[in-house]
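Trainee: The following block contains the structure, expressed as structure tokens.
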Amino acid sequence: MIITIDILKQKVPKEIIPTRLDSALNLYTNIKTKTESGILVYNTNPDTWNCLYPFYEINHKFTLNDYKIENENPTYEELIKEYQKIYKKVYEEQQGFTKETRINILKEEYKNTFNLSDVTINDSLTSFYELKYSKSQKVWTLYYFENYIASKIENINDLYNQKLYEQKVLPLSSNINSIDGVELVSNLPFLLSIESNVEKLNNNIINLNEDGD
């Protein structure tokens, strides 16, 4: 369940109050070739999740297990505010993961994963929170998703033709839930349903010529 503005004042049902806090840094690359156009998405773990994701950085993310929410009967807004307080104190102030540091980590991980010479990040997409049951951890988890756009990639051909993960090109439509029988991560259609996100992605489109350069 993505926590949208219309449910902020509602109480969180007691049975889904999270005991785990988690986060993800996502990087979106919007490309255009002669035959296709859209976001590059990857099936990074087909044996476990078999789901298409944008690129995400997991080695330095904020995660807190066995967490007890201070407010025993919170609204969704209060839940988010508590997350933000812990995130700032533990992740940013104590561990030093400021916004600038997070962006650099995301960029370096992207470069290292696909052997890219240089990546530029100049813009961001809507950040949001999702309350979801984690199948791997078997607990309700409150996730924070921080989303950025790759505006320039020096050797885009190497990325487009990478063989590390199964890769698809997702058109900028909120009506698509799967590609070739593989489901998208559930929050991708939500992100693409926001007009300003689509506009930003189109403003940062990376064109490949006939040779993919």
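The values are calculated or read from the model by the stated rules, or taken from the named source; none is laboratory data. Source: prediction; values computed, not measured. In this analysis, Cβ positions are derived from the backbone assuming ideal geometry, glycine residues included, and neighbour counts consider all displayed protein chains. Heads up: the accessible areas ignore ligands, DNA and RNA and are worked out on the full protein's heavy atoms, side chains in. Shrake-Rupley method; radii C 1.70, N 1.55, O 1.52, S 1.80 Å.
Trainee: Check the range 127-148 and report whether any residue there is over 30 Å from residue 19 (Cα atoms) and not acidic (Asp, Glu).
Mentor: So the first thing to find is which residues in the range 127-148 are over 30 Å from residue 19 (Cα atoms), and the list is none.
So far as the range 127-148 goes, no, none of its residues is over 30 Å from residue 19 (Cα atoms) and not acidic (Asp, Glu).
Trainee: Another one. For the range 1-104, please list each of the strands (runs of 3 or more DSSP E) lying entirely inside it that holds at least 1 residues being loosely packed, with under 15 Cβ neighbours inside 10 Å.
Mentor: Where strands (runs of 3 or more DSSP E) fall fully within the range 1-104 and carry at least 1 residues being loosely packed, with under 15 Cβ neighbours inside 10 Å, they are 30-32.
Trainee: Separate question: Do any residues in the range 157-171 that are in contact (Cβ under 8 Å) with a residue 40 or more places away in the chain have Cβ atoms under 8 Å from those of residues that are in a loop (DSSP other than H, G, I, E, B) and hydrophobic (A, V, I, L, M, F, W, C), where the two are at least six apart or on different chains, and which pairs are they?
Mentor: As it stands, the answer is 157/208; 158/116; 159/116; 160/208; 170/176, since those pairs meet every condition given.
Trainee: Hey, among the residues in the range 112-150 that are small (Gly, Ala, Ser) and modelled with pLDDT of 95 or more, which one's nearest to residue 184 (Cα to Cα)?
Mentor: My answer is 127.
Trainee: What number of residues in the range 60-105 are closer than 20 Å to residue 124 by Cβ, touching a residue at least 40 places away in the same chain (Cβ under 8 Å) and hydrophobic (A, V, I, L, M, F, W, C)?
Mentor: 4
Trainee: Okay, next question. Among the residues of the range 160-171, which ones are surrounded by fewer than 17 Cβ atoms within 10 Å (Cβ to Cβ) and among the aliphatic types (A, V, I, L, M)?
Mentor: 164
Trainee: With 138, 152 as the choices, which residue is open to solvent by 60 Å² or more (accessible area, probe 1.4 Å), on the phi < 0 side of the Ramachandran plot and basic (Lys, Arg)?
Mentor: Details: 138 fails: on the phi < 0 side of the Ramachandran plot.
Step by step, each of 138, 152 is checked, and only 152 is open to solvent by 60 Å² or more (accessible area, probe 1.4 Å), on the phi < 0 side of the Ramachandran plot and basic (Lys, Arg).
Trainee: Looking at residue 157, is it more than 21 Å from residue 35 (Cα to Cα) and open to solvent by less than 50 Å² (accessible area, probe 1.4 Å)? Walk me through it before giving the result.
Mentor: Values: more than 21 Å from residue 35 (Cα to Cα): no; open to solvent by less than 50 Å² (accessible area, probe 1.4 Å): yes.
Considered against the rule, which asks whether it is more than 21 Å from residue 35 (Cα to Cα) and open to solvent by less than 50 Å² (accessible area, probe 1.4 Å), residue 157 comes out as no.
Trainee: Which of the residues spanning the range 124-135 are in a strand (DSSP E or B) and either on the phi > 0 side of the Ramachandran plot or open to solvent by 50 Å² or more (accessible area, probe 1.4 Å) (or both)?
Mentor: Scanning the range 124-135 gives 132, 133.
Trainee: From (1) open to solvent by 100 Å² or more (accessible area, probe 1.4 Å); (2) in a helix (DSSP H, G or I), pick out the condition that doesn't hold for residue 109.
Mentor: Of (1) open to solvent by 100 Å² or more (accessible area, probe 1.4 Å); (2) in a helix (DSSP H, G or I), only one is false for residue 109: (1).
Trainee: Cβ-Cβ distance below 6 Å, separation of 6 or more or different chains: which pairs start in the range 176-196 with a residue that is open to solvent by less than 20 Å² (accessible area, probe 1.4 Å) and end on one that is of a type in the set (D, E, K, R) and at pLDDT 95 or above?
Mentor: Close Cβ pairs (under 6 Å, with a partner that is of a type in the set (D, E, K, R) and at pLDDT 95 or above) amount to 187/130.
Trainee: With the requirement that a residue be charged (D, E, K, R) and in contact with an Asp or Glu (Cβ under 8 Å, 6 or more places away or on another chain), what does the range 52-98 give you?
Mentor: 57, 61, 70, 82
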